[in-house]
1. Got at least one residue in region 150-165 being charged (D, E, K, R) and free of Cβ contacts under 8 Å to residues at least 24 places away in the same chain?
2. Which one of Asn235, Asn170 is without any contact (Cβ under 8 Å) to a residue 40 or more places away in the chain and surrounded by 18 or more Cβ atoms within 10 Å (Cβ to Cβ)?
3. Looking only at region 117-137, how many residues end up being surrounded by fewer than 15 Cβ atoms within 10 Å (Cβ to Cβ) and either of a type in the set (A, V, I, L, M) or more than 20 Å from Pro215 (Cβ to Cβ) (or both)?
4. Here are the criteria: (1) loosely packed, with under 14 Cβ neighbours inside 10 Å; (2) among the basic types (Lys, Arg); (3) touching a strand residue (DSSP E or B) at 6+ places or on another chain (Cβ under 9 Å). Tell me which single one Arg99 does not satisfy.
5. Among the residues of region 102-116, write down those that are among the hydroxyl-bearing types (Ser, Thr, Tyr) and surrounded by fewer than 20 Cβ atoms within 10 Å (Cβ to Cβ).
6. Give the number of residues within region 278-305 that are in contact (Cβ under 8 Å) with a residue 60 or more places away in the chain, aliphatic (A, V, I, L, M) and more than 26 Å from Leu166 (Cβ to Cβ).
7. I need the full set of residues from region 63-75 which are surrounded by 12 or more Cβ atoms within 10 Å (Cβ to Cβ) and among the hydrophobic types (A, V, I, L, M, F, W, C), in order please.
8. Here are the criteria: (1) farther than 24 Å from Leu112 by Cβ; (2) modelled with pLDDT under 95. Tell me which single one Arg301 does not satisfy.
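The values are calculated or read from the model by the stated rules, or taken from the named source; none is laboratory data. Because the structure is predicted, anything quoted here is derived from the model rather than measured. Cβ atoms come from the backbone with ideal geometry, glycine included; neighbour counts cover every protein chain shown.
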Amino acid sequence: MTKLTQSSEIEAFLDQIAGVGKAGEQRVKTIVHKIVADLFETIDQFDVTDDEFWHALNFVIAGAPELGLWAAGLGLERFLDLRADLKDQAVGFVEGTPRTIEGPLYVAGAPLEKGTARLDDGNEPGEVLIMQGRVRDTRGNAIAGAIVDVWHANTKGNYSYFDKTLPDYNLRRRIETDANGHYIFRSIVPSGYAVPSGSNIEKLLTALGRHGNRPAHIHFFISAPGYRHLTTQINIEGDPYLHDDFAYATKDALIPPVIRHTKTAAINPLGLNETYSEIVFDFVLNPADVAAEENESSRARALADA
């Protein structure tokens, strides 16, 4: 700490800011005290000027709609996962499918289908993708009635709702697993994408000497009564940014093989006349210790009809 931030004057000021000795929530007081103290320390240690401070604050305010991308690009989402992983490892609780970041592009309320679904509207260009597997517990037992909530980008790297040219819930569905815990969906192979050109997050990453690219991936929420809610995503193997994701979401266990079917014997039974790709992937859920673990976080999320 600097001489200034260690002074009794600043310590008393921090106590005043955090409402020490006043009514309120103690945990909030303690966290605010720590955050503001660290900011004071940074400002003094690096001799941040008034202009630099207000430039930074204006930059954050202007970039407020992008804060979901900031959370990913500055590693905050990944840090939350790392911390949760270490807690699980400490108690030997590491058997399920790995978690990884949600990202900011989920839209709640996608149509619910039974067992099987088609995600695209039939007008999206791209190679057909068939993905299937089971949802099961750590003992290998099928979980019937689990919800596979899936969403991904199109071949331009765009998501419905955020790209207003796309139909609501295009490339988004919820699928209820059958009695054998099986799910299957048809879609298209997605492409990777970059943060918006000219955006504040792009400017920040450039200043850090970094890029804003993500490899092709497919997002999932997996949920079932009595089990921990799982937030995860799989990556499409072969993408040039597979292990250079600006959002730090890649995990080796979440890179399933992509099987390309080119023979008519495999293609025609599906009613297709062209090559398609297949991914087979099982999701393994851990049991929930408390009911709250069955639900996703309280993060604000979009609604397509909002």
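1. Yes: one or more hits.
2. So the residue among Asn235, Asn170 that is without any contact (Cβ under 8 Å) to a residue 40 or more places away in the chain and surrounded by 18 or more Cβ atoms within 10 Å (Cβ to Cβ) is Asn235.
3. Adding up the residues that qualify gives 4.
4. (1)
5. Thr116
6. So the answer is 4.
7. Hits for region 63-75 are Leu67, Leu69, Trp70, Ala71, Ala72, Leu74.
8. Status for Arg301: all satisfied but (1).
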